[in-house]
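A.B. asks: Have a look at the structure that comes next, please.
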Amino acid sequence: MSGRVRIAPSVLSADLVRLAEQVAAVEQAGADWIHVDVMDGRFVPNLTFGAGMIAALKRVTTLPLDVHLMVVEPERYIAPFADAGATVFTFHPEATVHVQRQLAAVRERGMQAGLALNPAAPLSLVEDVTDDLDLLLIMSVNPGFGGQGYLPAATEKIQRARRLLDGRRSRAALEVDGGITRDTIAAARAAGADTFVAGSAIFCSDDPGREVKELRRRCHPEA
Ligand code: DX5
Ligand code: ZN
């Protein structure tokens, strides 16, 4: 399969004491985006970063910040995250009532708008808003924690998502998040994903930059 591949290291698994250094290492190695997992302790049973993290990352990298909000009422975060410098703002459709309104509000604030689907969330949740999407994120784990195993059922769901976006002539990115490793990335790529989040595979290795390159290489088996 040809076309653009994006690697988005997730700083959830980075060593926060050495965050600037770790981000510089993956940027140097050709990472495309930095993925930032925002968890509120309600939508998922874990608590992580807020707008302050986005602002801090802005000071150490020029890469686009791919912000994944695992929060209830994501509308409350649109203005502060836009002000802090988020590039992509992705939320879960079950977390708010007026999904289309929030997607439009995200774009109005100058960010790219994304929707994320949990493993049990059907693609039909996004079918009627594909025109409002810059990114569709298929979760290949249940969100909340790094280091979980890739759920094999995600591969077929990515295929269906690819067909949905192509059928609508959508140019939205198709991202996969959770359990992406040297061993799982090729299947997700072959299924039609173009953007790959990886946290533990990159930051729990002894050489994060090398892993960025290796994950990209495995997206191009012919190379
Ligand atoms: C999980 C997060 C992921 C996480 C992925 O809830 O959305 O972005 O960082 O971590 P790995 O790549 O370790 O599965
Ligand atoms: Zn994520």
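A.B. asks: Only residues in the stretch 22-45 that are within 16 Å of ligand 2 (Cβ to nearest atom) count as the first member; pair them with residues that are aromatic (Phe, Trp, Tyr), Cβ under 7 angstrom, at least 6 apart or cross-chain, and list the lot.
C.D. replies: Here the result reads Val36/Phe49; Val38/Phe49, each pair linking the stretch 22-45 to a residue that is aromatic (Phe, Trp, Tyr).
A.B. asks: Which residue, of Leu215, Leu125, Leu165, is touching a strand residue (DSSP E or B) at 6+ places or on another chain (Cβ under 7 Å), surrounded by fewer than 17 Cβ atoms within 10 Å (Cβ to Cβ) and part of a helix (DSSP H, G or I)?
C.D. replies: Values: Leu215 fails: surrounded by fewer than 17 Cβ atoms within 10 Å (Cβ to Cβ); Leu165 fails: surrounded by fewer than 17 Cβ atoms within 10 Å (Cβ to Cβ).
After applying the criteria, what remains is Leu125.
A.B. asks: Looking at Phe43 and the list (1) assigned to a strand (DSSP E or B); (2) within 13 Å of ligand 1 (Cβ to nearest atom), which single condition is not satisfied?
C.D. replies: (1)
A.B. asks: Filter the stretch 183-192 for residues that are outside any helix (DSSP H, G or I) and more than 15 Å from Ser10 (Cβ to Cβ) and give the result.
C.D. replies: Asp183, Gly192
A.B. asks: Something else about it: Considering Ile180, Ile202, which residue is within 14 Å of ligand 2 (Cβ to nearest atom), touching a helix residue (DSSP H, G or I) at 6+ places or on another chain (Cβ under 9 Å) and assigned to a helix (DSSP H, G or I)?
C.D. replies: Ile202
A.B. asks: List the number of the failed condition for Gly147; all other conditions in (1) within 16 Å of the chain's Cα centre (by Cα); (2) surrounded by 20 or more Cβ atoms within 10 Å (Cβ to Cβ) hold.
C.D. replies: Status for Gly147: all satisfied but (2).
A.B. asks: Would it be correct to say that Asp194 is modelled with pLDDT of 95 or more, under 12 Å from the mean Cα position of the chain (by Cα) and away from ligand 2 (no atom under 15 Å from the Cβ)?
C.D. replies: Numbers: modelled with pLDDT of 95 or more: yes; under 12 Å from the mean Cα position of the chain (by Cα): yes; away from ligand 2 (no atom under 15 Å from the Cβ): yes.
In short, yes.
The values are calculated or read from the model by the stated rules, or taken from the named source; none is laboratory data. Not measured: the values here are computed from a predicted model. A quick note on method: Cβ atoms are made from the backbone with ideal geometry, for glycine too, and the neighbour counts reach across all protein chains shown.
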